[in-house]
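Chemist: The structure that follows is given in the form of structure tokens.
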Amino acid sequence: MSTANKTSKSLSLAEGGFLGVMALGALLSFIVAGKALDTPMMIHGYIFALAAIAAAVAVLRRFSNRPAEPAPQEINGRPNYNDGVVRFLTLITVFWGVVGFTVGLVVALQLAFPVLNLDFEFTAFSRLRPLHTSAVIFAFGGNALLASSFYVVQRTCHARLAGDIAPWFVALGYNLFILIAATGYVMGVTQSKEYAEPEWYADL
């Protein structure tokens with residue numbers, strides 16, 4: 001078969017723009033981490049940088065593996081729903097649920113057995129309690145809401161989610177916020193506002 005008829009593959013506008021944003025984000029994050037005056041900011045800077053690099057690599061791998069043509073909107077007359085992101089959000093909901101409930105059990109036991117604080121700053125009750133509440137409300141509940149929203153909106157509209165990268169950006173970006181908030185809590189990074197503890201760069 002002649003290769004002349006094969007459709008050439010090139011980066012889509014969304015893929016190219018996303019790679020540019022991730023490259024800029026990684027650069028800025030490395031600068032912030034390098035100039036940070038305290039350990040939590042340095043760690044979070046590196047987390048942002050690694051997340052940006054991982055996202056860029058994922059997009060490049062997706063580009064190399066995907067066909068040249070965009071995903072069809074219908075297959076055999078039925079909508080071709082994007083359920084990959086729904087499955088991911090469902091699994092990560094279970095993961096964060098287990099984490100949140102486990103931390104909740106630990107902090108409850110700490111009330112009865114203070115020795116379980118372990119005399120270690122990262123496992124103190126005052127740092128684990130907001131980790132528990134945020135993990136259950138935002139990580140468990142938030143991901144469950146995203147998963148159900150992405151599932152239901154496709155069925156009610158009988159259409160595939162708009163874009164291939166945008167849904168994953170929402171799902172992974174939200175969980176990056178969860179990771180930044182959770183690691184910040186155990187390091188003492190907080191605004192001391194009930195249910196609004198994450199620092200400003202996590203809120204963004």
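Chemist: Quick check: anything in segment 140-158 modelled with pLDDT under 90, of a type in the set (S, T, N, Q) and either surrounded by 16 or more Cβ atoms within 10 Å (Cβ to Cβ) or more than 22 Å from GLY45 (Cβ to Cβ) (or both)?
Modeler: The answer is no; no qualifying residue exists.
Chemist: Something else: Enumerate the helices (runs of 4 or more DSSP H) found wholly within segment 77-166, keeping only those where 1 or more residues are more than 20 Å from ILE178 (Cα to Cα) and free of Cβ contacts under 8 Å to residues at least 60 places away in the same chain.
Modeler: Per the criteria, 84-112, 142-157.
Chemist: I'd like the residue in segment 107-122 that is surrounded by 17 or more Cβ atoms within 10 Å (Cβ to Cβ) and out of contact with any Lys or Arg (no Cβ under 6 Å at 6 or more places or on another chain) and, out of all such residues, is modelled with the highest pLDDT.
Modeler: GLN110
Chemist: Among the residues in segment 96-105, are any more than 30 Å from GLY20 (Cβ to Cβ), touching a His at 6+ places or on another chain (Cβ under 6 Å) and modelled with pLDDT under 90?
Modeler: no
Yes or no, residue by residue, for (1) in contact with a Phe, Trp or Tyr (Cβ under 8 Å, 6 or more places away or on another chain); (2) of a type in the set (Ser, Thr, Tyr); (3) surrounded by fewer than 17 Cβ atoms within 10 Å (Cβ to Cβ):
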position	(1), (2), (3)
LEU11	yes, no, yes
GLY16	no, no, yes
GLY25	yes, no, no
ILE31	no, no, yes
ALA52	no, no, no
PHE63	no, no, yes
PRO72	no, no, yes
ILE75	no, no, yes
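Chemist: Taking the conditions exactly as written (hydroxyl-bearing (Ser, Thr, Tyr), modelled with pLDDT under 95 and part of a loop (DSSP other than H, G, I, E, B)), does SER64 satisfy them or not? Please lay out each step first, then the result.
Modeler: Working: hydroxyl-bearing (Ser, Thr, Tyr): yes; modelled with pLDDT under 95: yes; part of a loop (DSSP other than H, G, I, E, B): no.
Considered against the rule, which asks whether it is hydroxyl-bearing (Ser, Thr, Tyr), modelled with pLDDT under 95 and part of a loop (DSSP other than H, G, I, E, B), SER64 comes out as no.
Chemist: Residue under question is ALA4, and the condition is that it be surrounded by 12 or more Cβ atoms within 10 Å (Cβ to Cβ) and either over 30 Å from VAL186 (Cβ atoms) or modelled with pLDDT of 95 or more (or both); does it hold?
Modeler: no
Chemist: Could I ask something else about it? Taking segment 152-177 as the region of interest, how many residues are under 19 Å from GLU15 (Cβ atoms), more than 9 Å from the chain's Cα centre (by Cα) and not small (Gly, Ala, Ser)?
Modeler: 5
The values are calculated or read from the model by the stated rules, or taken from the named source; none is laboratory data. Here the structure is a predicted model, which is why all the values come from computation and not from measurement. Every residue, glycine among them, receives a Cβ derived from its backbone with ideal geometry; neighbour counts consider all protein chains shown.
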